[in-house]
Amino acid sequence: MIDVQNLTRKFGEFVAVHDISFTVERGEIFAFLGPNGAGKTTTIKILTTLLPPTSGTVRIDGLDPTRDSTAVRARIGIVFQDPSLDQNLSAWENLDLHGALYHVPRKLRRERAQVLLELFGLWERREELVKQYSGGMMRRLEIARGLLHTPRILFLDEPTLGLDPQSRNQLWTHVKRLNQEEGVTVFLTTHYMDEADRVAGRIAVIDHGRIVSLGTSAELKTSTGSATLEEAFLALTGTEIREESAGSADQMRRAARAWRGR
Amino acid sequence: MGAIYVLWLRELKRYVRSRAQIVASLGQPLLYLLALGYGLSPVFRRSGEGNYLEFIAPGVIAMTVLFSSLFSGIQLIWDRQFGFLKETLVAPVPRLHIMIGRTCGAATTAMIQGLLVALVAVLAGFRPASYGGVPLAFGFLALIAVVFTALGTTVGSTLRDMQGFQMVMNFLVLPIFFLSGALYPLAHLPIALTVLTRVDPLTYGVDGLRGALIARGHFSALIDLVVMALLAVALTAVGAWRFARIEI
Ligand SMILES: Nc1ncnc2c1ncn2[C@@H]1O[C@H](COP(=O)(O)OP(=O)(O)OP(=O)(O)O)[C@@H](O)[C@H]1O
Ligand SMILES: [Mg+2]
């Protein structure tokens, strides 16, 4: 379903993704784990047509994201790591707009929006503008929106960031159900090892833009002689904290805050 | 097609919800209209040019549409910052449709702003020379809105931050306004100003509007119309090209 060969992405001189190759089978749940700045989000942006690769080939359901971008987009759903809601619309309007952009028929769109809003505990507050939501509620809405149309491949970039345990549980249960009942392929990233352990079939560990290990959770543990996935992860990527130059998106967000006088 | 409509609708909803901003952005045009309109009227009349309020009203209406449409176009930067742009860019919709939807929405709201100012002008005593010219005036209003929304989109797709935004304000918006003949007649200008006014796109929009509303156009309506229509097509094409190149 996803086929990546020798993918490299540079930002100027800096190599964010360094010659990675992997495949994800139809119906698989695949996790991408790695320290901050490892290149997870960059890879997802390339797979989801938002960023062209510097070199290497990518196939999504046999299609090239750079050339057949609209066809690729029709097959995928994504929950971004960064916020991407329209804060001046209500939750309901955000979902409705999304459904329209993804050509979900109006009636179906309403039904699904209601189911998802109820599932993530937002139904009562659907008419409120998103800017009045708490951080966790926004996150839940982002997730609900990503699940509104039924994609063949679902990308989840740190979906549980800032979520309470209840919502996390709800999310993973739902994702597993989608995977089992509707055969949705899932590509996820997370910093919570227990989540990856619980849902992912195979796991790739990425560090400094390179895949350092790939296999099932059990395989990663055995190969590193660790008892838990967390230990295996630390054994593979070291214990040092990654220094990160602030990405341009962060800088812009900071500038925006200064601009609005906060 | 559906995507164009929903993105148009989104711009409208956001516009209607920003009531405080609507009122605030009407302040400046009203000052121009009322303070300059009444203040310079005696001098203008003495020099044999007629009623200044009548002369400046089309210019101020055009100014409102200019500011409003350029800013809506540049609003792209905000959508990029707050992330919503990503959401539209991964949708299975050609980028051209997204750009057109946004442009139509922004142009519509800019026209509404222009009409609000026109309403105030009427309350202040402005009357079109003949009501037959009103539909043509609408056409020019729409052309001004499209031209500058597309220009805003071009700038917004190219810029990445707020510093750039200030530059645009000082080196693009204000010159376009002051060199457009919105505030003064185009005849008998010093040579430098004559040249500058002729290369300013807004000149033709203001002139067309003035011709349609008070029958005092400097160029013929046909010239104004052709220039503005060509600019609308060209700038929309450039805007679409820049928009297609946005990387998140
Ligand atoms: N547009 C950009 N311009 C320059 N550098 C970038 C850009 N986007 C990402 N980078 C850099 O590429 C590297 C990888 O970033 P990426 O966002 O893919 O990391 P990540 O694995 O998702 O990390 P995190 O866990 O913090 O989300 C980082 O060092 C980042 O600063
Ligand atoms: Mg990331």
Can you tell me which residue among A:Thr8, A:Thr49 is hydroxyl-bearing (Ser, Thr, Tyr) and more than 15 Å from ligand 1 (Cβ to nearest atom)? A:Thr49
Here is a check on your reading of the model: is B:Ser180 crowded, with 20+ Cβ neighbours inside 10 Å, in contact (Cβ under 8 Å) with a residue 40 or more places away in the chain, closer than 25 Å to B:Ile214 by Cβ and not hydrophobic (A, V, I, L, M, F, W, C)? yes
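For (1) crowded, with 18+ Cβ neighbours inside 10 Å; (2) more than 21 Å from the chain's Cα centre (by Cα), each residue gets a yes or a no:
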site: A:Gly37; (1), (2): no, no
site: A:Lys40; (1), (2): yes, no
site: A:Gly62; (1), (2): no, no
site: A:Pro65; (1), (2): yes, no
site: A:Leu85; (1), (2): yes, no
site: A:Ala91; (1), (2): yes, no
site: A:His103; (1), (2): no, yes
site: A:Arg106; (1), (2): no, yes
site: A:Lys131; (1), (2): no, yes
When segment A:67-89 is checked residue by residue, the ones that are assigned to a loop (DSSP other than H, G, I, E, B) and either of a type in the set (Asp, Glu) or touching a strand residue (DSSP E or B) at 6+ places or on another chain (Cβ under 8 Å) (or both) are A:Asp68, A:Phe80, A:Gln81, A:Asp82, A:Asp86, A:Gln87, A:Asn88, A:Leu89
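Can you tell me how many residues within segment B:53-91 are in a loop (DSSP other than H, G, I, E, B) and open to solvent by 10 Å² or more (accessible area, probe 1.4 Å)?
Going through segment B:53-91, the residues in a loop (DSSP other than H, G, I, E, B) turn out to be B:75, B:82-83, B:90-91.
Okay, now just the ones that are also open to solvent by 10 Å² or more (accessible area, probe 1.4 Å), so B:75, B:82.
Number satisfying all stated conditions: 2.
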Could you run through segment A:92-130 and say how many residues are basic (Lys, Arg), in contact (Cβ under 8 Å) with a residue 24 or more places away in the chain and assigned to a helix (DSSP H, G or I)? 3
The lone exception for A:Arg139 - which of (1) touching a Leu at 6+ places or on another chain (Cβ under 9 Å); (2) in contact (Cβ under 8 Å) with a residue 40 or more places away in the chain; (3) within 16 Å of ligand 2 (Cβ to nearest atom) it fails: (2)
Search segment A:51-65 for residues that are free of Cβ contacts under 8 Å to residues at least 24 places away in the same chain and pair each with any residue that is more than 16 Å from ligand 2 (Cβ to nearest atom) when their beta-carbon atoms are under 6 Å apart and the residues are at least 6 apart or on different chains. A:Pro52/A:Thr66; A:Leu63/A:Ala71; A:Leu63/A:Val72; A:Pro65/A:Thr49; A:Pro65/A:Val58; A:Pro65/A:Val72
For A:Leu122, state whether it is more than 15 Å from the chain's Cα centre (by Cα), surrounded by 19 or more Cβ atoms within 10 Å (Cβ to Cβ), away from chain B (no Cβ under 14 Å) and modelled with pLDDT under 95. yes
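Matching residues to (1) among the basic types (Lys, Arg); (2) at negative phi:
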| residue | (1), (2) |
| --- | --- |
| A:Gly56 | no, no |
| A:Gly77 | no, yes |
| A:Phe80 | no, yes |
| A:Arg106 | yes, yes |
| A:Arg109 | yes, yes |
| A:Leu116 | no, yes |
Here is a check on your reading of the model: is A:Val17 away from ligand 1 (no atom under 12 Å from the Cβ), part of a strand (DSSP E or B) and open to solvent by less than 20 Å² (accessible area, probe 1.4 Å)? no
Mind listing whichever residues of segment B:1-52 are away from chain A (no Cβ under 14 Å), part of a helix (DSSP H, G or I), surrounded by 14 or more Cβ atoms within 10 Å (Cβ to Cβ) and of a type in the set (A, V, I, L, M, F, W, C)? B:Leu26, B:Leu30, B:Leu33, B:Leu34, B:Leu36, B:Phe44
Checking A:Gln81 against (1) in contact (Cβ under 8 Å) with a residue 40 or more places away in the chain; (2) away from ligand 1 (no atom under 15 Å from the Cβ); (3) within 12 Å of chain B (Cβ to nearest Cβ); (4) open to solvent by 10 Å² or more (accessible area, probe 1.4 Å), only one condition comes out false. Which one? (2)
Answer yes or no: is there a residue in segment A:9-29 that is basic (Lys, Arg) and touching a Leu at 6+ places or on another chain (Cβ under 8 Å). yes
Residue list for segment A:26-54, restricted to those being within 14 Å of another protein chain (Cβ to nearest Cβ) and away from ligand 2 (no atom under 11 Å from the Cβ): A:Ile46, A:Leu47, A:Thr48, A:Thr49, A:Leu50, A:Leu51, A:Pro52, A:Pro53, A:Thr54
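Could you say which residue among B:Leu193, B:Leu231, B:Leu222 is closer than 17 Å to B:Ala145 by Cβ, part of a helix (DSSP H, G or I) and open to solvent by 30 Å² or more (accessible area, probe 1.4 Å)?
Unique residue meeting the criteria: B:Leu231.
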Single residue of B:Gly105, B:Gly164 found to be surrounded by fewer than 24 Cβ atoms within 10 Å (Cβ to Cβ) and closer than 30 Å to B:Ile248 by Cβ: B:Gly164
Hey, could you check segment A:55-78 for residues that are at the interface with chain B (Cβ under 9 Å from one of its Cβ atoms) and of a type in the set (A, V, I, L, M, F, W, C) and say which is nearest to A:Ala16 (Cα to Cα)? A:Ile78
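The values are calculated or read from the model by the stated rules, or taken from the named source; none is laboratory data. Bear in mind the structure is a predicted one, so any value in this text is a computation, not a measurement. No Cβ is skipped: glycine too gets one built from the backbone with ideal geometry, and neighbour counts run over all protein chains shown. Each accessible area value is taken on the protein alone, full model and side chains, heavy atoms only, with ligands, DNA and RNA left out. Shrake-Rupley method; radii C 1.70, N 1.55, O 1.52, S 1.80 Å.
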